[in-house]
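> Just passing along the structure, written as structure tokens.
The values are calculated or read from the model by the stated rules, or taken from the named source; none is laboratory data. Given the structure is predicted, the values throughout are model-derived calculations rather than measurements. A quick note on method: Cβ atoms are made from the backbone with ideal geometry, for glycine too, and the neighbour counts reach across all protein chains shown. Please note that ligands, DNA and RNA were not included when accessible areas were found on the heavy atoms of the full protein model with its side chains. Shrake-Rupley method; radii C 1.70, N 1.55, O 1.52, S 1.80 Å.
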Amino acid sequence: MTTAHIFLQIEGEYHQKRFYAVLGYRLKTFMFSPPRPRSSVKKCLLNVSHGSVRGPDEPLVVDDIAYASENERNADPCTSRGCMWGKATDGLVYVPYVIANHYSERELSVIQRGLQSFSGFSCIRFVPRSNQRDYIYIQSLNGCYSYVGRLGNSQTVSLSRQGCIYHNTVQHELLHALGFNHEQTRSDRDNHIRVLLQNVISGMEHNFNKINTLNQGTPYDYNSVMQYHRYAFSKNNQPTMVPIPNSNVEIGKATQMSNNDILRLNRLYQC
Ligand SMILES: [Zn+2]
């Protein structure tokens with residue numbers, strides 16, 4: 001095969017902060033707003049062939065969704081085909097990173113906190129890149145997005161200064177880079193959410209395609225940091241996803257990685 005099929009996860013999230021007073025606490029939540037006109041908000045398949053690999057700033061986004069056949073089987077199937085990050089002899093998984101120099105000190109501290117959080121609950125260690133070949137390059141481009149899994153060489157994780165500098169968003173994008181997909185694309189999601197395509201912005205339906213994910217024996221988790229909000233990509237302020245059987249359960253409001261997010265990360269990487 002001369003062509004590698006690689007996912008680039010571009011978020012619909014252009015996070016708007018909303019503050020709620022709940023039980024006396026002020027909780028930060030986020031919602032999804034319709035895409036800005038110039039922002040390509042798509043879950044896309046990258047078609048990267050040797051000789052036509054774009055630079056890290058300009059991923060070639062091909063608007064087709066030729067992945068995830070139903071009989072293939074929240075880790076992306078690529079994790080069984082080499083897109084995981086390697087484990088060192090000390091049992092730790094070092095993921096080198098470079099952060100662009102255009103962030104403010106406050107923004108940097110949010111990003112650093114997200115990177116460092118993984119060492120508190122897993123064998124993942126994000127480390128400043130020295131001369132490693134494969135690494136993530138965190139920079140503020142147009143939106144929040146990441147490749148799914150290890151791409152090889154430099155791979156962009158875009159954390160826009162406009163709307164992506166939140167702890168949950170940093171963890172979310174890093175989980176993509178580690179090989180995880182959105183909760184609502186899980187292979188078993190139809191048992192847990194009902195997708196209402198009639199409320200989805202035209203052209204955005206592919207964000208709700210199922211993927212034959214490797215769920216690591218962990219349950220579907222409404223509180224996963226990878227679960228989108230119930231109004232994600234809504235064209236009419238009606239929900240695009242409702243939990244079943246109890247449609248009132250809150251979904252997509254995680255402020256940080258859930259226990260299940262941590263468990264499946266540890267299982268995937270055998271921490
Ligand atoms: Zn995402």
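> Could you order Arg150, Arg189, Arg194 so the one with the most accessible surface comes first? Probe is 1.4 Å. All intermediate terms of the calculation are to be shown ahead of the outcome.
Details: Arg150 65, Arg189 20, Arg194 125 Å².
Output order, biggest surface exposure first: Arg194, Arg150, Arg189.
> Please turn the phi angles of the stretch 202-219 into ³J(HN,Hα) values with the Karplus equation 6.51 cos²θ - 1.76 cosθ + 1.60 (θ = phi - 60°), one per residue in order, whole Hz, x for glycine and proline.
Karplus values, whole Hz, x for Gly and Pro: 4, x, 9, 4, 5, 5, 10, 5, 7, 10, 7, 6, 9, 8, 6, x, 9, x.
> Just to be sure I understand the model, the point goes 7 Å from the Cα along the line to the Cβ. What's the resulting Arg106 to Gln132 distance in nm?
Once both label points are built, they end up 3.0 nm from each other.
> Rounded to the nearest 5, what is the percent of antiparallel bridges among the DSSP beta bridges in the stretch 107-226?
Working: 3 of 8 bridges.
Of the beta bridges lying entirely in the stretch 107-226, close to 40 percent run antiparallel.
> I've got another one for you. Highest mean first, what order results for 111-121, 158-168 on Cβ atoms within 10 Å?
Working: 111-121: 16.6, 158-168: 20.0.
Result, highest mean first: 158-168, 111-121.
> Take the Cα coordinates of the stretch 153-207, assign each an equal point scatterer, and use the Debye formula without solvent to give log10 I(q)/I(0) at q = 0.18 Å⁻¹.
-0.85
> Taking 25 °C and 0.890 mPa s as the conditions, I'd like the Stokes-Einstein D for the stretch 96-210 in µm²/s, using the Kirkwood hydrodynamic radius from alpha carbon pairs. Mind dumping the intermediate values first?
Numbers: Rh = 15.5 Å.
Taking Rh from Cα pairs, D becomes 159 µm²/s.
> Moving to a separate point now. If the viscosity is 0.890 mPa s and the temperature 25 °C, what Stokes-Einstein diffusion coefficient in µm²/s follows for the stretch 171-271 when Rh is the Kirkwood radius over Cα pairs?
Working: Rh = 13.9 Å.
Rounded, D is 177 µm²/s.
> Highest mean first, what order results for 177-183, 84-90 on Cβ atoms within 10 Å?
Values: 177-183: 26.4, 84-90: 12.9.
Listed from highest to lowest mean packing, they are 177-183, 84-90.
> Using only the Cα atoms of the stretch 92-149, what are the Rg and Dmax in Å?
Cα-based Rg and Dmax for the stretch 92-149 come out at 11.8, 32 Å.
> Separate question: Sequence-distant or interchain residues sharing an amide H contact under 5 Å with Ser140, placed H: which?
So Ser140 has HN proximity to Leu159.
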